[in-house]
Every structure is written in C-alpha cells, then in structure tokens.
1. Condition first: closer than 30 Å to S135 by Cα and at pLDDT 85 or above. Can you find one or more residues in segment 91-101 that meet it?
2. I'm told D233 meets every condition in (1) in a strand (DSSP E or B); (2) closer than 25 Å to L124 by Cβ except one. Can you identify the failing condition by its number?
3. Checking the conditions here, which among R249, R260 is closer than 27 Å to P193 by Cα and touching a residue at least 60 places away in the same chain (Cβ under 8 Å)?
4. Step by step: first the residues of segment 59-79, then only those that are closer than 20 Å to K2 by Cα and more than 40 Å from the chain's Cα centre (by Cα), then the one that is least open to solvent (accessible area, probe 1.4 Å). Which residue is that?
5. Are any residues in segment 293-352 more than 16 Å from the chain's Cα centre (by Cα), surrounded by 15 or more Cβ atoms within 10 Å (Cβ to Cβ) and of a type in the set (V, I, T), and if so, which ones?
6. Count, please, the residues in segment 141-181 that happen to be in contact (Cβ under 8 Å) with a residue 40 or more places away in the chain and either part of a loop (DSSP other than H, G, I, E, B) or at positive phi (or both).
7. Name the residues in segment 313-368 that are part of a loop (DSSP other than H, G, I, E, B), among the acidic types (D, E) and closer than 26 Å to K393 by Cβ, would you?
8. If you scan segment 136-162, which residues turn out to be open to solvent by less than 100 Å² (accessible area, probe 1.4 Å) and polar (S, T, N, Q)?
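The values are calculated or read from the model by the stated rules, or taken from the named source; none is laboratory data. Just so you know, these numbers come straight off a predicted model, no measurement behind them. Backbone-built Cβ (ideal geometry, glycine too); neighbour counts: all protein chains shown. The accessibility values were calculated without ligands, DNA or RNA, using every heavy atom of the protein model including side chains. Shrake-Rupley method; radii C 1.70, N 1.55, O 1.52, S 1.80 Å.
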Amino acid sequence: MKSGDKFSGKIISYVNGLCIFDTQYGAAIKVPTAGISAISTDVAYSIDFANGDKVMGQLQANAQGQTVLQSKTFGESPIDVTAISRMVKHFSDVPSTAQAPGSGAAAVNDDKQYGAEVENQAPLDFLTGSTVLLSPGQMELDIGTTYKQSRTQYNLPDVGYFQKSSYSARLLQLSTALRAGLYEGVEGYVSVPVTYTRIEDVSSNEYTRDTSSWDLADISFGGQYQLTRETADMPAISATLDISAPTGRKKYNDQTDSWRDPLNNGTGHWSIAPGLAFVRSTDPAILFGGINYQYFFADKVDGYDVQPGWIINSYFGVGFALNEKLSVGTRVSYSYVSNMKAEHETIYGSDSDPMDISLNASYRLSRAWVVSPGVTFGLNNDSGPAALSLSLKRQL
C-alpha cells in the first residue's frame, strides 16, 4: 500500500477501483486500488488496463517498490498498478514458485484454508474456540501450564512481635489438549488437565498446618462446526459444544476442614454447554466473541443430592497479527452462575458473576511449534486470583 502497509491473501475480485481479497486470517476485506503501490502474485492473471490494453502474466514487486509484469509475450515490463482496471486469475496456468506472503500487497495463496496454519502466517491462537482453525486431517497438540496463587496475611502482635497469621493456596495446572480437523468446517478436541495444589494455613508459629495433592481434574471434550464463512457483510459464525466429565476432585468440607477447599479441582458433575461463536476481521484487527449455556446434571456428592447452578458464559476479544511470527490478543469474559440446589432446596446467595480480562501473545518458533504466554486478571471478587499461563502447541 502507499501507506506502507502490506497485505497477503487470495484475490477474490479486482475491478472498478476496488480489490477484495481473502486475508490469511480468514476475512474478506476491501482495499481501494488507488491506495495500492505494488502487487505480487504467484500465478498468472488476465489483466485489463484503463486504456483498453489486455495482457496475461504474473506480477512481481521489485526492490524499488515497482510492479513488474512477467509474461510470455512481453517478457518483463514495469507497469503502473493504478492503470489496472480489472484482474482475473488465469486458471489454466500452472502456479510458479510461490512468493512468501507479506512480500507484496496481495500475494495469492490458492491452497489456503480458513485459519490454516502455514509457515509464513501469523499464529492465531487467540481465535482457538471461536472458529475452526484446522483443516480436515490436521492435528494440533497443546501442552499448557497455568499458575495461580492466593494469600491473606496479617500481624499477631499479641502473640509475638514477628508472629504472622497467613493462609496461602497455590495451584499449578498441567493440561494436554489434542485438537483435530475432522471434516471440512468441523473441529474436535479433548483436554486432560492435572493439578498440583499446595495449601498452608498458619495461625502462629505454634499452630501451622499444610497439605498438598496431585489430582486429575475434569476431562473435557467437544467440537465446533462452522455455520457460515465470513463475507464482506457478515462475520464467520460457528456452533460449539463442550462436554465435561466429573473426573476431578470435589468435596463439600465441613467448617473445620474448609481450609482444604482449594484442593477441589472439579465440579463433581457431568455438564454440557452448547453455544455460538463469531469472528470478524476489520483491518488491522480481528474481532471475536462467543456465548454458551452450561448445564450441570444433578448427582450425589459426599452423600448430598446436589444440582449446581446453570451458567451463562460470554466473552469478547480483539487480536492483532503483527507479522508472520507474532500475534497478540486480549479478551474480556463475563459469566453468570445461578444458585445451586442441595437436597432439592435452592441455596440463595450461592450465585456469582465472575468477570475477568486476559492478555496473551503467540510466537511461532518454527513451522510446527508455537509458544503462547498469557496472563488473566479478575475484575471482581468472584473471579479469584490472577493466573499466569504458558502453552506450547505442536502441529502433527
């Protein structure tokens, strides 16, 4: 672009002063041709000029920012991009060696699938769960860690000048998730998390108790179906379905043992959560969001008939692909958890509405590996402590 920006994608239409192309990030965007300074393509095009001339050939941007036409008839000739009135791909042409995306204003990528990961495409990890990112047969292994820590502390001058009363809980979660493209527009996943929790309760130096535990958390699995692809007027919309199994630890401790509550790393119930998600590109950002309804099935836990409250989960975020290796994203999440039932009686006051904001970055280490650090901050008292996370993703 004359502004200095560079775009890569598949040209959909180039006519009447407007270029529409499908970006690498799954969105069709519109660019006025008057703002384009150079074009590179990896296949030949039939090109119409404003003066009536027609030519067929491949376009390449040189080091001077000029566009050079490579054709069998005219050889290599510099051309003025603003003089092009129409471009149509020559489908019978055999693609030549593809130029790396990002080297020109509209590099063509015929084999690009929506969200398909390629070596020169920015990692779009912030879109995980919001749209189908994997092509049929493509698989991705996600190895992640999350760390949370909560502490309360105050002095005990009546016991001793240096005596403290404190309560701390630390949680380290190790999760392994496998995602796979099952069919065109269909993606499935399974996630198996394990947690290590350590609790220390100090009333003074004379009374200290602690405990720790490794436990399997709730296993979850589900899928996503792409209902509509993004167009110039509508976002990409997908249907989601998440199912959770009660494989984690869940105890309703009495008053004397309530300090052990952070050892819980599961709900104790099967749950199902249908929902919708969307993605919308608005250069240079990618907007995404979603909403789902999570229902928990009643069951006995510690001898009690328990029905957890249903949950409405929602989120909205924005991401930026900074270059072919780095992307950043942020999202705000809000949930409403309704009152639970115990022994078929509604427990009023057990509802909550946690709200948090998360920031993350993704960096492509190689064609197969992507590393993504992140941090999540609670925005109210129901959200719990801040969390640090780090994940490594491997395409299989």
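1. no
2. Result: D233 fails condition (1) only.
3. R260 is the lone residue from the list that is closer than 27 Å to P193 by Cα and touching a residue at least 60 places away in the same chain (Cβ under 8 Å).
4. I79
5. Scanning segment 293-352 gives V301, V306, I311, I312, V337.
6. Final tally of qualifying residues: 4.
7. Scanning segment 313-368 gives a single hit, E324.
8. Q138, T145, T146, Q149, S150, T152, N155
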